[in-house]
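**Student:** Quick one: structure below, then a few questions.
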Amino acid sequence: MTAYPAFLEGIRVIEIADDDPAVAYAGRILAQLGAEVLLVEPPEGNGLRYQGPFPNGIPHPEKSAAFLALNFSKSGITLNLRTPTGRQVLQRLLAERDVLLFGPSARAYRGLDLAPDSLLARYPRLVAAFAGPFGYEGEWATWRGSDLEVAAAGGAAIGIGHRREAPLGLPPGVGAGQAGLAAVAGVLASLYAREADGQGDFVDASASDVWATIHCNYITTYVYRGVTGVRMGNRAGAHYPDSILPCKDGQIIVDCARPEMWERLVAMIGHPAWVDNPRYQDRRYVGEHYPEEVDALLSEWFKEYTREEIWAMARAHHIPIAPVYAIDELAGHPHLLYRDFFLSFNWEGRPLTVPGLPYNLTNAFEFVASPSPRLGQHNLDILEDELGYSRDDVIRMRAAGVI
Amino acid sequence: MTRLPLEGVKVLDFCWVMAGPVMTSMLGDLGAEVIKVETRRRMDAIRFGRPVVGDTSAGDQGKAQDIQPFQHAMHRNKLGVTLNVATTEGLEIARRLVAEVDVVADNFSAGTMDRLGLGYSELRAINPKLVMISISAAGQSGPMHASVSLNPIAVALSGLGSLLGYEDGPPLAVMRNFYGDTNAGFHGVIAVLAALFRARRTGIGEYIDLSQWEASTSGLELPFAEAAAGNAPRAAGNRHGWQAPHGTYPAAGERPGWNWVALRCETDDQWQALCRVLQLDALAADARFAHALGRLEHRDELDRAIAAATQHREKVELATALQANGVPAAPVMDIGDQFASEHFRQRRVFTEAHHDSVGYELVQALPWRTVRSERGTFRRPAPYMGRDNRTVFGEMLGMTEAEIEALEAKGVLY
């Protein structure tokens, strides 16, 4: 079987390790697309190494599942970017790289000039990308932010939870992840453009920006009707049904966004008499005023069947209904196994299952995931083999806390 | 001068509704010429629905499908043609277009492009460098490939739904946004750009079989890490494993219960700073709350005390004051707040777009910006049905005006 070249074969990336998972996620996706990614950590190690979980709950910088999940297939060196020598080494590496990824943590290194004008002047072919909660420039650019602040400012939190209760943030990594995707997309577009004119670029990716665009149609509704989408508990939209319903062995989601879907649902459940009740004809009205009434009527049918039985029937009838799965139900799911979706790592004797790229490719390239780097694992490879430092140089750097 | 990275790239766009069109609109913003293929036999659902503006007397059977504003954002920069590929001639015209483009995109149910005679095995023979992408609910094959996909379905299947909810109840499983669609479109953009990069260098094309379910699961690495440790991840409200306070708190405003601010403390120093900003001297001096463990233990009392203070403060002012003192915080914003925000104005997240039917309106821009490309460009408004038939079939395929008219009358360019 032919192995095609990887999409990003020959592209070399430097990632200045950040505590923001967006930067790690971006670097990892580039690695999965075939780029060679070098992670540059401070000598004490990136913050994600100290974020669990750990085996048996005992912290250890080489045993963090979070670090492994976000940093597999990268090489790693240590550099103290607070020192002139550390920054010099970075400059030399940048001169031989196509892409630089960094995030808010890099701002702490005074003396490290990563400003767009400066980078583009010194490295005209470099594609640099910043990924963070509020972006590289703007009034809130220096604000601290994790998934909670991203969800809040980005407009996601206002749409999660019960209407009269506290709005909810996004699960860990989900808010930040969108900045990672934006950085990757920006880098790829810039690399493509560079093929034509030889010029690099500086990508400014903000997680809260991305979430603000995810409102989509609600933006239009706001512009024309002055109303804004707000959380409605377990209801997704303004039509009916768009509900989470209990069934025999768990929960399913039912979303009939278009009239023909409701018709098919009615047929599937055997057209019970209540469907023809005048009270339930205007489904928008039902959704706005008494959805729980029809939820109860629908539930009578759904509670006779399991999630998988219902989903199988829904597929046959072409209706949008599906199980609400928990995370731990996915790793062994027959469909996802068929799709070869997951990557599996040996994490201290246990399997760590991680989502892979969300697509299958016909002209696929070979990708064998390697574990995340040990702290400073490739120091000698890079410092000696690539940059030509002597062993004495390396020992001095070590003693001076440069690596 | 704004650089358009995809200038010269042509996309044949069979996408409809949300996930696919989000992807092709980003490609268009980046400079690609996106040819949106539609048919009056089954019109793109996003051309309908509320709010309808313009000539409302026409209802859904008249002109409404050309002016309904949902599509103004989704279809900007795209050329619009009508083409009925269910006819022999229509299919042949589609294949001629495939020879002229770099990308073919769809988000039909699994197997549809094959059934139409436009599957990858056919199209790669016409155009070996072609990058083709199909976005479907669960992929083109597999036990559940016949699923119907909508945004909330993808979120529920992905495990993300199970993480949305309060500590003491079943998962709410939904968000009021279009994440299940936009996130899939975003992964699609990444895959297309990467494949185009390889195709440009090597002449090798690609077929990208993207699953909306898998796209929604991507990004959940941290919960999967917890699962590996045996900590089955579940919804926990705004509770955090080791940070307290951590959550959203009521803020002042005209509408009761509408305004909130998010805040948290990672360190004891931040806790002291929070107390200063909220003027909670008694709390700052209370030994029970001095360290994280104590704050975690007495979370409920802490939250009540903080809420009693935050409810008198305007959310942007309070978040700004907290951030200035090193405390992570942000206002819980809705779309109106974002439109009014100086930060978002500077970021240019929303851009003014012009459409003949309504004049100027604000639409979402490309989700990221760059120095050379800004947020791409807005070059032409969303098309009404068949607006660009002459541009595409005439200029690209060399058809005469008479030929185009005849095909329109025959129901081929329809």
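The values are calculated or read from the model by the stated rules, or taken from the named source; none is laboratory data. Everything numeric in this text was worked out from a predicted model, so none of it was measured. Using ideal geometry, Cβ is built from the backbone for each residue, glycine included, and neighbour counts are taken over all protein chains shown. Remember, those area values only see protein heavy atoms, side chains included, never the ligands or the DNA or RNA. Shrake-Rupley method; radii C 1.70, N 1.55, O 1.52, S 1.80 Å.
**Student:** Can you work out which of the residues in the stretch A:216-228 that are outside any helix (DSSP H, G or I) and either in contact with a Leu (Cβ under 9 Å, 6 or more places away or on another chain) or open to solvent by 10 Å² or more (accessible area, probe 1.4 Å) (or both) is nearest to the other protein chains (Cβ to nearest Cβ)?
**Tutor:** The selected residue is A:228.
**Student:** Go through the stretch A:353-370 and report how many residues are under 19 Å from residue B:183 (Cα atoms) and more than 7 Å from chain B (Cβ to nearest Cβ).
**Tutor:** Selection size over the stretch A:353-370: 2.
**Student:** With respect to residue B:281, is the statement that it is surrounded by fewer than 17 Cβ atoms within 10 Å (Cβ to Cβ) and closer than 30 Å to residue A:230 by Cα true?
**Tutor:** So residue B:281 fails the test.
**Student:** Are any of the residues in the stretch A:23-34 modelled with pLDDT under 95, out of contact with any helix residue (DSSP H, G or I) (no Cβ under 6 Å at 6 or more places or on another chain) and either surrounded by 24 or more Cβ atoms within 10 Å (Cβ to Cβ) or among the hydrophobic types (A, V, I, L, M, F, W, C) (or both)?
**Tutor:** Checked the stretch A:23-34: no residue is modelled with pLDDT under 95, out of contact with any helix residue (DSSP H, G or I) (no Cβ under 6 Å at 6 or more places or on another chain) and either surrounded by 24 or more Cβ atoms within 10 Å (Cβ to Cβ) or among the hydrophobic types (A, V, I, L, M, F, W, C) (or both).
**Student:** Only one of (1) within 26 Å of residue B:172 (Cβ to Cβ); (2) touching a residue at least 40 places away in the same chain (Cβ under 8 Å); (3) surrounded by 16 or more Cβ atoms within 10 Å (Cβ to Cβ); (4) among the small types (Gly, Ala, Ser) is not met by residue A:356, so which one is it?
**Tutor:** Unmet for residue A:356, out of (1) within 26 Å of residue B:172 (Cβ to Cβ); (2) touching a residue at least 40 places away in the same chain (Cβ under 8 Å); (3) surrounded by 16 or more Cβ atoms within 10 Å (Cβ to Cβ); (4) among the small types (Gly, Ala, Ser): (1).
**Student:** If you don't mind, there's one more thing I want to ask. Would you say residue B:126 is within 19 Å of residue A:256 (Cα to Cα) and either β-branched (Val, Ile, Thr) or over 19 Å from the mean Cα position of the chain (by Cα) (or both)?
**Tutor:** No; evaluated as a whole, the condition is false for this residue.
**Student:** Now for a separate question. Could you please tell me which pairs satisfy a Cβ distance under 6 Å, a separation of 6+ or placement on different chains, a first residue in the stretch B:178-189 that is open to solvent by 10 Å² or more (accessible area, probe 1.4 Å), and a second residue that is polar (S, T, N, Q) and part of a helix (DSSP H, G or I)?
**Tutor:** B:178/B:151; B:181/B:151
**Student:** Would you mind finding the one in B:131, B:81, B:155, B:104 that is β-branched (Val, Ile, Thr) and within 30 Å of residue B:233 (Cβ to Cβ)?
**Tutor:** Only one candidate qualifies: B:155.
**Student:** Does residue B:400 count as open to solvent by 40 Å² or more (accessible area, probe 1.4 Å), more than 17 Å from residue B:80 (Cβ to Cβ), among the polar types (S, T, N, Q) and at pLDDT below 95?
**Tutor:** So residue B:400 fails the test.
**Student:** For the stretch A:54-61, state whether one or more residues are open to solvent by less than 10 Å² (accessible area, probe 1.4 Å) and not in a helix (DSSP H, G or I).
**Tutor:** The answer is no, given that none of the residues of the stretch A:54-61 is open to solvent by less than 10 Å² (accessible area, probe 1.4 Å) and not in a helix (DSSP H, G or I).
**Student:** If the requirement is being at pLDDT 95 or above, more than 30 Å from residue A:283 (Cα to Cα), touching a helix residue (DSSP H, G or I) at 6+ places or on another chain (Cβ under 7 Å) and crowded, with 23+ Cβ neighbours inside 10 Å, which of these qualifies: B:103, B:85, B:98?
**Tutor:** B:103
**Student:** Let me ask something else about it. Out of all the residues in the stretch B:148-162, which are part of a loop (DSSP other than H, G, I, E, B) and open to solvent by 10 Å² or more (accessible area, probe 1.4 Å)?
**Tutor:** Scanning the stretch B:148-162 gives B:148, B:149, B:150.
**Student:** Moving on to the next point. Could you check, for the stretch A:208-218, whether at least one of its residues is within 35 Å of the chain's Cα centre (by Cα), aliphatic (A, V, I, L, M) and under 22 Å from residue A:163 (Cα atoms)?
**Tutor:** Looking for residues that are within 35 Å of the chain's Cα centre (by Cα), aliphatic (A, V, I, L, M) and under 22 Å from residue A:163 (Cα atoms), one finds at least one in the stretch A:208-218, hence yes.
**Student:** A further question follows. Which condition from (1) touching a Gly at 6+ places or on another chain (Cβ under 7 Å); (2) open to solvent by 10 Å² or more (accessible area, probe 1.4 Å) is the one that residue B:143 breaks?
**Tutor:** It is condition (1) that residue B:143 fails.
**Student:** May I pose another question? Would you confirm, using the coordinates I've provided, whether residue A:213 is farther than 30 Å from residue A:152 by Cβ, of a type in the set (S, T, N, Q), at pLDDT 90 or above and surrounded by 14 or more Cβ atoms within 10 Å (Cβ to Cβ)?
**Tutor:** For residue A:213, the condition - farther than 30 Å from residue A:152 by Cβ, of a type in the set (S, T, N, Q), at pLDDT 90 or above and surrounded by 14 or more Cβ atoms within 10 Å (Cβ to Cβ) - is not met.
**Student:** What's the total number of residues in the stretch A:128-156 that are open to solvent by 10 Å² or more (accessible area, probe 1.4 Å) and among the small types (Gly, Ala, Ser)?
**Tutor:** The total comes to 4.
**Student:** Then there's this: Which one of these is touching an Asp or Glu at 6+ places or on another chain (Cβ under 6 Å) and among the acidic types (Asp, Glu): A:295, A:276, A:242?
**Tutor:** After ruling out the rest, the residue left standing is A:242.
**Student:** For the stretch A:188-198, indicate whether the set of residues that are more than 7 Å from chain B (Cβ to nearest Cβ), out of contact with any helix residue (DSSP H, G or I) (no Cβ under 7 Å at 6 or more places or on another chain), in contact (Cβ under 8 Å) with a residue 12 or more places away in the chain and surrounded by fewer than 23 Cβ atoms within 10 Å (Cβ to Cβ) is non-empty.
**Tutor:** There is at least one residue in the stretch A:188-198 that is more than 7 Å from chain B (Cβ to nearest Cβ), out of contact with any helix residue (DSSP H, G or I) (no Cβ under 7 Å at 6 or more places or on another chain), in contact (Cβ under 8 Å) with a residue 12 or more places away in the chain and surrounded by fewer than 23 Cβ atoms within 10 Å (Cβ to Cβ).
**Student:** For the stretch B:202-226, give me each residue that is aromatic (Phe, Trp, Tyr) and either open to solvent by 30 Å² or more (accessible area, probe 1.4 Å) or within 7 Å of chain A (Cβ to nearest Cβ) (or both).
**Tutor:** Within the stretch B:202-226, B:207, B:224 qualify.
**Student:** Considering only residues that are outside any loop (DSSP other than H, G, I, E, B) and buried (at least 18 other Cβ atoms within 10 Å of the Cβ), look in the stretch B:403-412 and name the one that is nearest to the other protein chains (Cβ to nearest Cβ).
**Tutor:** B:407
**Student:** Right, something else. I'd like to verify a number: residues in the stretch B:162-180 that are in contact with a helix residue (DSSP H, G or I) (Cβ under 6 Å, 6 or more places away or on another chain), within 22 Å of residue B:20 (Cβ to Cβ) and not charged (D, E, K, R), how many?
**Tutor:** Residues that pass the stated criteria total 5.
**Student:** Is it true that some residue in the stretch A:157-164 is surrounded by fewer than 24 Cβ atoms within 10 Å (Cβ to Cβ), under 30 Å from residue B:245 (Cβ atoms) and more than 7 Å from every other protein chain (Cβ to nearest Cβ)?
**Tutor:** Within the stretch A:157-164, one or more residues are surrounded by fewer than 24 Cβ atoms within 10 Å (Cβ to Cβ), under 30 Å from residue B:245 (Cβ atoms) and more than 7 Å from every other protein chain (Cβ to nearest Cβ).
**Student:** Taking the stretch A:338-352 on its own, how many of its residues are open to solvent by less than 80 Å² (accessible area, probe 1.4 Å), facing another protein chain (nearest Cβ under 7 Å) and without any contact (Cβ under 8 Å) to a residue 24 or more places away in the chain?
**Tutor:** Final tally of qualifying residues: 2.
**Student:** For the stretch B:163-200, enumerate the residues that are charged (D, E, K, R), at the interface with another protein chain (Cβ under 7 Å from one of its Cβ atoms) and part of a helix (DSSP H, G or I).
**Tutor:** Listed by number, the residues that qualify are B:198, B:200.
**Student:** While we're looking at this one, here's another question. For residues in the stretch B:328-375 being out of contact with any Ser or Thr (no Cβ under 6 Å at 6 or more places or on another chain), acidic (Asp, Glu) and under 28 Å from residue B:7 (Cα atoms), which is farthest from the other protein chains (Cβ to nearest Cβ)?
**Tutor:** Of everything passing the filter in the stretch B:328-375, B:356 is farthest from the other protein chains (Cβ to nearest Cβ).
**Student:** May I ask you to list the residues in the stretch B:227-266 that are more than 20 Å from residue B:169 (Cβ to Cβ), open to solvent by 50 Å² or more (accessible area, probe 1.4 Å) and without any contact (Cβ under 8 Å) to a residue 12 or more places away in the chain?
**Tutor:** B:230, B:254, B:255, B:256
**Student:** Assess whether residue B:115 counts as being surrounded by fewer than 20 Cβ atoms within 10 Å (Cβ to Cβ) and either at pLDDT below 95 or hydrophobic (A, V, I, L, M, F, W, C) (or both).
**Tutor:** Against the criterion (surrounded by fewer than 20 Cβ atoms within 10 Å (Cβ to Cβ) and either at pLDDT below 95 or hydrophobic (A, V, I, L, M, F, W, C) (or both)), residue B:115 does not qualify.
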